[in-house]
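The values are calculated or read from the model by the stated rules, or taken from the named source; none is laboratory data. If you're wondering where the values come from, they're calculated on a predicted model, not measured in any experiment. Neighbour counts run over all protein chains shown; Cβ positions are idealised from the backbone, glycine included. The area values use the complete protein model at the heavy-atom level, side chains included, leaving out ligands, DNA and RNA. Shrake-Rupley method; radii C 1.70, N 1.55, O 1.52, S 1.80 Å.
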Amino acid sequence: MSNALYRDLKKLVTLTEKNADFSNDNLRLKFHLMPPVGWLNDPNGLCKMDEYYHVFYQYSPFDSNGGVKHWGHFRSKDLINWEQLPVAMYPDQPFDVHGVYSGSALIENHKMYLYYTGNVKLDGDYDYVLTGREHNTVLAVSSDGITVDYKKLLMKNSDYPENLTCHVRDPKVFKFENKYYMIQGARTKENRGVLLVFQSDDKINWEYINTISTPEIFGYMWECPDLFYLDGMWFLVCSPQGVTKQGNHYQNIYSCGYFPLYGDFRGEYTLGEFQELDFGFDFYAPQTFFDGTRRIMLGWLGMPDADYTNPTKNWQHCLTSFCTLKRSGSTIYRYPVAEMNLLRGSEIKPEDATVFDLEYRFSQSGRIIIRNSLVIEWSEDLLSISHIKGGNGRTIRKVDVYNINSIRVLADTSSVEIFINGGLKVLSTRYYPENDDKGIILPEHGHARIWEMNHFNITKDI
Ligand code: FRU
């Protein structure tokens, strides 16, 4: 499938990627996926098709501060060795011309069905909430998992229920009990964040069947929803916008977490208490997929519209580490996939650490300082991170945890992810230490192991 716009955009993106030179850039990451050039946000279309894991992502190659979204693409057989593939989707159709927005993948009979939102902003004096915006639901089919055979417009705003604003997006599609289901995030006219449920027999024709929300308004818009069955229970993940800060909760401009869902998402249901998935500065729009043995989550290690920034030049943002999800009661544990351990090099002394994996067990309060830039401090039931240098506006974040006894820290050149008590609570943040700043200062007590981390091997096919 190609048209004149597709062909020119393809040439331009290839040229832009080829001209990007990051040879002296110490902030480029070693074991996280990041844009070849320009801007990245949400992970999209996560799946495993035949022997390959696929990661697509929101990508604006021409502008590191955002711009019209494409779908960038990586694939891998082992989550360690990656191929950077050509852009999978360009904004080249009337129904997606202002952005190939977020979406998901369904794999069936060795074919990839990518569902996404085609964003269109009309010219004129519009507020782009109630008027002036089209959010189209689009299907793109790929037989080889690399090129898109065709795109097909499935639904327009007029096909969605009536009480909604123009904001209906980020379809997540899955198969359950011999039917297909699609959930979408939406903002109602009363500024309530909701989730719409659609049903289909053929992957093409969709019928709206239910709306899921909380009894009290919980944010004005739920972005990037996901709904999955994990170890015997349903969970609804979403990224709500407009949730008010409460103590140590919802500290970022936008939130991200999950509700346990009791009952039937197609009919009568109740949502349990919302739990945040991350307590750091930079975590948003995660998506999950099942790879045959486990449910894996990948998020955006960034935060839209935040008042803190990133000093990276000609590129911005990255994805999180790949994590598996496990359930305990109605709580989800999020912990790095076992493959991350294969990236461990030799064990190193704290003073030599720059890019590292730290496992630390303890039974007392304490404090760790990473590269003279980030302080992690904890008592029995509270952990905080504070940027003392290189936070670019990031200050302090706190999380309440009962009986803290271990942390794992994955520190890349310019990101840190902290997993408390085996993934019960997580904090993710970007940080920007100076080149000379290295080493970890650890408390005297406890038991620490630190490994130097090797990097992803990324080959380019552009
Ligand atoms: C979340 C989001 C999605 C949207 C995409 C556009 O970060 O706003 O709702 O589809 O980003 O890039």
Ala20 neighbourhood, Cβ < 15 Å, K/R = +1, D/E = -1, net charge 0
Pop out the ³J(HN,Hα) list for segment 405-419 in order, Karplus 6.51 cos²θ - 1.76 cosθ + 1.60 with θ = phi - 60°, rounded to Hz; leave Gly and Pro as x.
9, 7, 9, 10, 10, 9, 10, 9, 3, 9, 9, 9, 10, 10, 10
Give the calculated FRET efficiency between Asp144 and Ile217 to the nearest 0.05, with a Förster radius of 41 Å applied to their Cβ-Cβ distance.
0.40
How large a share of the accessible area of the chain, in percent, is made up of carbon and sulfur atoms when the probe is 1.4 Å and the other protein chains stay in place?
45 percent
Taking placed amide H atoms and a strict 5 Å upper bound, the residues 5 or more places from Tyr269 or on another chain that come that close are Asp264
Looking at the calculated P(r) for segment 91-181, what percent of the C-alpha pair distances fall above 21 Å?
34 percent
Let me check I've understood the local charge: for Tyr229, count other residues with C-beta under 14 angstrom from its C-beta, Lys and Arg +1, Asp and Glu -1. What total comes out?
+3
Averaged per residue, the 1.4 Å probe accessible area of segment 259-403, protein heavy atoms only, in Å², is roughly 41 Å²
Peptides ranked, highest mean first, by Cβ atoms within 10 Å: ranges 72-78, 106-112, 253-259
253-259, 72-78, 106-112
Explain nothing, just the number: relative contact order of the chain, from Cα pairs under 8 Å at least 6 residues apart, as a whole percent.
14 percent
The Cα radius of gyration of the chain, divided by 2.2 N^0.38 Å with N its residue count, comes to 0.95
Amide H neighbours of Asn392 at under 5 Å, excluding residues fewer than 5 places away on the same chain, with H built from the backbone geometry, are none
So what does Leu130 come to for accessible area, using a 1.4 Å probe and Å² rounded to 10?
100 Å²
Separation between the Asp291 and Asn454 pseudo-spin-labels, each 7 Å from Cα along Cα→Cβ, expressed in nm?
1.7 nm
Mind checking the dipole of the chain: about its Cα centre, +1 per Lys or Arg Cβ, -1 per Asp or Glu Cβ, Debye to the nearest 20?
280 debye
Within the set Lys111/Lys179; Lys121/Lys172; Lys111/Lys203; Lys326/Lys349; Lys48/Lys156; Lys10/Lys69, which residue pairs have Cα atoms separated by over 20 Å?
Lys121/Lys172; Lys326/Lys349; Lys48/Lys156
Take peptides 58-71, 398-411, 262-275, 196-209 and line them up by average Cβ neighbours within 10 Å, highest first, as a rough protection proxy.
58-71, 398-411, 196-209, 262-275
For segment 345-453, what log10 I(q)/I(0) values come out of the Debye formula at q = 0.10, 0.13, 0.15, 0.22 1/Å, with one point per alpha carbon and no solvent?
-0.24, -0.41, -0.56, -1.26
Segment Lys313-Asn392, extension gain: residue separation times 0.36 nm, minus the distance between their alpha carbons:
27.1 nm
For Asn65 and Lys326 in one chain, what is 0.36 nm times their gap in residues minus the Cα-Cα distance, to one decimal in nm?
90.5 nm
Report the full-extension gain for the segment Gln275 to Phe176: residue separation times 0.36 nm, less the Cα-Cα distance, to one decimal in nm.
33.1 nm
Explain nothing, just compute: Karplus ³J(HN,Hα) = 6.51 cos²θ - 1.76 cosθ + 1.60, θ = phi - 60°, for every residue of segment 295-310 in order, whole Hz, x for Gly and Pro.
9, 10, 10, 9, x, 8, 7, x, 9, x, 6, 6, 8, 9, 10, 10
Once you wrap a convex hull around the alpha carbon atoms of segment 318-391, what is its projected area averaged over all directions, in nm²?
7.0 nm²
Could you tally the net charge around Glu434, taking each other residue with its Cβ under 10 Å from the Cβ of Glu434, Lys/Arg +1 and Asp/Glu -1?
+1
Inter-probe distance in nm under a simple model that places probes 7 Å from Cα toward Cβ, at Lys156 and Val129:
2.5 nm
Separation between the His445 and Lys349 pseudo-spin-labels, each 7 Å from Cα along Cα→Cβ, expressed in nm?
2.5 nm
Nearest-ten-degree value, helix 4-19 long axis tilted from longest Cα axis of the chain:
10 degrees
Before rounding to the nearest 500, sum -39500 (n - 2.57) across all DSSP H runs of length at least 4 in the chain and divide by the residue total; then give [θ] at 222 nm in deg cm²/dmol.
-1000 deg cm²/dmol
